[in-house]
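Undergrad: This is the structure, below, for whatever I ask next.
The values are calculated or read from the model by the stated rules, or taken from the named source; none is laboratory data. Fair warning: this is a prediction, and the values are worked out from it, not measured in the lab. Cβ coordinates were reconstructed from backbone atoms using ideal geometry, including for glycine residues, and neighbour counts include every protein chain displayed.
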Amino acid sequence: MDSQRLGNELKKILPPGRVLTSSLERKMYSYDSSFHARFRSFVPDAVTLPRSTAEVAEIMRFASNNNIPVVPRGAGSGETCGCLAVRGGIVLDLSGWDTIEEVDAANMQVIVRPGVVHYILNEHLAGFGLFFPPDPGSTRMCTIGGMVANNSSGLRAVKYGTTEQYVLGLEVVLPDGRVITTGGTNCRALKNVSGLNLTKLFVGSEGTLGVITRIRLRVWPRPRARGIVMAVFGSLDEAPAAVLDVYQSGILPSGIEILDSSAIQAVNMYKPEINLPAAEAILLFEVDGNPAGVEWEGQKIVEITGKRALSVEWATDSQRMADLWRGRGVVAVAAARLRPDGSRIFAGEDISVPLSRVTEALRRIKELGREFGVAVVNYGHIGDGNVHTAPVINLENSDEVARANGLVDAIHRLAIELHGSTTGEHGVGAVRNQYALAEHGEAVNVMKRLKETLDPGNIMNPGKLLPPGEE
Ligand SMILES: Cc1cc2nc3c(=O)[nH]c(=O)nc-3n(C[C@H](O)[C@H](O)[C@H](O)COP(=O)(O)OP(=O)(O)OC[C@H]3O[C@@H](n4cnc5c(N)ncnc54)[C@H](O)[C@@H]3O)c2cc1C
């Protein structure tokens, strides 16, 4: 069906203004935040802006009857081309469907529509003394629907886990237009082990199994206090060893971040006033909870890390904590300052490795950078082995782009070799599905069968998650 006719059919389903068909409007939906989207244009045939479950269901019925691909989209902050129409079709932009339907404080849960932005939800929950703990760096952009679809998390996953731990139930529109509620049709319980866990199946399914239209999330009481320890190390090996020492002392910090020497250099070039100490590694431990517990844990971490570190500082004053945290906050942007014509690319950026192999991963990534002639900056969530690598290249130089692609492929393969994963946070989309078989083996065939069962026509976000050409 050509774009014009498709648009006309969709306009019979949605009210005026909620179907976009002009080439400029469609082009606006041809990218996300990924490196790969810079080089390939995936312009959808039509964009729709549904605002109700009934509208989504009708679009899905129409698409299913006409065998047209449908791609759900939140804020488009994904790093893997996940929300792009790689096989054409209809994009469902859910970002404007952003109602917080109910804060059920008595039952410690909240019910939202998919387009609610993470930061806005937590601002709202703060009024109830509650919060939704997963904390992606894209908090001011990404939607809860996108977070659930990608099982997103952030630097506090060490203590609070990822989105999946908080999803109590979902309303999902299936590819044929049927609407189901997972986690019990009218359930408001926090614990529920009845039936197959379909909620977990849809969390992290990256829009390949259905459209998430309503989300029931568990929320937690906001911690009363917070503190930060900064520990500076003269040797890279001492940093993961110090993390293990802290765990073995019985303390579970809410975040443990590492900046290696490349990241320290980048931060100091970008914001000299931050003036991080020149070292092989810096660790930032965040602890939270009640004030007395926070003080005890902070002092204990100082004592433990002090045995290995060159220097250690403990802060609970909000200004000082902000100063200590600032280096970590700006590193993603600072990376580009390594060279005047450089851009930081989001590719190979979130591998995950066992804790015992973090140092090896950081060293090998540096070596790979030298081998491919690409500058890299390393930082990340060392507390759970989620290494963030920022390759820095001149995007106008095709030779550098090719070398960066080689480097990124090698980083992904390294993650699997080290018994880790190609992605600890950002997902698979259309850029890591080539590693699905290497990562999951025979389990990929079970994933394919599940996909075929729910989506026999393969209209739901095709070309993602499963090995290319095999869905
Ligand atoms: C600066 C920056 C920092 C980031 N930091 C982090 C981080 O710390 N941790 C992290 O996990 N990620 C991070 N990300 C990646 C990204 O923000 C997350 O993956 C986020 O959850 C995506 O949300 P979104 O609304 O932008 O989804 P989109 O990018 O629009 O979509 C992502 C995927 O979800 C699917 N999808 C979206 N909505 C629905 C729905 N309602 N139903 C079914 N499928 C749906 C899409 O089809 C696509 O496959 C970062 C990105 C940027 C740009």
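Undergrad: Examine the stretch 148-157 for a residue that is over 29 Å from Ile68 (Cβ atoms) and part of a helix (DSSP H, G or I), and state whether such a residue exists.
TA: yes
Undergrad: Among all residue pairs at least 6 apart or on different chains, which show Cβ distances below 6 Å where the first residue, located in the stretch 99-116, is hydrophobic (A, V, I, L, M, F, W, C) and the second is in a loop (DSSP other than H, G, I, E, B) and within 14 Å of the ligand (Cβ to nearest atom)?
TA: Ile100/Val116; Val116/Asp98
Undergrad: Further, regarding this structure: Report, by residue number, each residue of the stretch 440-471 that is under 22 Å from His426 (Cα atoms), aliphatic (A, V, I, L, M) and part of a loop (DSSP other than H, G, I, E, B).
TA: Scanning the stretch 440-471 gives Leu465, Leu466.
Undergrad: Return the residues of the stretch 35-71 that are of a type outside the set (Lys, Arg) and over 22 Å from Asn8 (Cβ atoms); say none if nothing qualifies.
TA: Hits for the stretch 35-71 are Phe35, His36, Ala37, Phe39, Ser41, Phe42, Thr53.
Undergrad: Mind checking whether some residue in the stretch 46-53 is among the charged types (D, E, K, R), out of contact with any Lys or Arg (no Cβ under 9 Å at 6 or more places or on another chain) and at pLDDT 95 or above?
TA: no
Undergrad: Sticking with this structure for a sec: How many of the residues making up the stretch 327-373 are aromatic (Phe, Trp, Tyr) and assigned to a helix (DSSP H, G or I)?
TA: Final tally of qualifying residues: 1.
Undergrad: Scanning for something within 30 Å of Val91 (Cβ to Cβ), polar (S, T, N, Q) and within 16 Å of the ligand (Cβ to nearest atom), does the stretch 406-421 turn up at least one residue?
TA: Taking every residue of the stretch 406-421 in turn, at least one turns out to be within 30 Å of Val91 (Cβ to Cβ), polar (S, T, N, Q) and within 16 Å of the ligand (Cβ to nearest atom).
Undergrad: Go through (1) of a type in the set (A, V, I, L, M, F, W, C); (2) within 16 Å of the ligand (Cβ to nearest atom); (3) farther than 15 Å from Glu164 by Cβ one by one and return the number of the condition Leu201 breaks.
TA: Here Leu201 clears every test but (3).
Undergrad: Still on this structure, please answer the following. For Val91, are the conditions met, namely being surrounded by 18 or more Cβ atoms within 10 Å (Cβ to Cβ) and either away from the ligand (no atom under 14 Å from the Cβ) or modelled with pLDDT under 95 (or both)?
TA: no
Undergrad: Counting only residues that are farther than 17 Å from Val172 by Cβ, surrounded by fewer than 23 Cβ atoms within 10 Å (Cβ to Cβ) and of a type in the set (Val, Ile, Thr), how many does the stretch 94-122 have?
TA: Of the residues in that region, 5 qualify.
Undergrad: If you don't mind, there's one more thing I want to ask. Tally time: how many residues in the stretch 312-322 are within 28 Å of the chain's Cα centre (by Cα) and buried (at least 17 other Cβ atoms within 10 Å of the Cβ)?
TA: Result for the stretch 312-322: 1.
Undergrad: Additional query: Which members of the stretch 155-169 meet the condition of being within 9 Å of the ligand (Cβ to nearest atom) and at pLDDT 95 or above?
TA: Ala157, Thr162, Thr163
Undergrad: Which of the residues that make up the stretch 66-88 are within 23 Å of Val117 (Cα to Cα) and more than 6 Å from the ligand (Cβ to nearest atom)?
TA: Val70, Thr80, Cys81, Leu84, Ala85, listed by residue number.
Undergrad: Something else: For the stretch 99-109, which residues satisfy the criterion of being within 16 Å of the ligand (Cβ to nearest atom) and in contact with a helix residue (DSSP H, G or I) (Cβ under 8 Å, 6 or more places away or on another chain)?
TA: Ile100
Undergrad: Something else: Check Arg308, Arg328, Arg339 and return the single one that is under 30 Å from Asn397 (Cβ atoms) and crowded, with 18+ Cβ neighbours inside 10 Å.
TA: The match here is Arg328.
Undergrad: Moving on. One residue is enough: does the stretch 406-418 have a residue meeting the conditions part of a helix (DSSP H, G or I), of a type in the set (Val, Ile, Thr) and under 24 Å from Ile264 (Cα atoms)?
TA: Yes, that holds for at least one residue.
Undergrad: Does Asp288 satisfy being over 28 Å from Glu396 (Cβ atoms) and free of Cβ contacts under 8 Å to residues at least 12 places away in the same chain?
TA: Judged against the criteria, Asp288 is not a match.
Undergrad: I would also like to ask the following. Could you please let me know if Arg326 is modelled with pLDDT of 95 or more, basic (Lys, Arg) and in the same structural domain as Ser398 (by TED's automatic domain parsing)?
TA: no
Undergrad: Report yes if Asn197 is surrounded by fewer than 23 Cβ atoms within 10 Å (Cβ to Cβ), free of Cβ contacts under 8 Å to residues at least 60 places away in the same chain, under 26 Å from Leu450 (Cβ atoms) and not charged (D, E, K, R), otherwise no.
TA: yes
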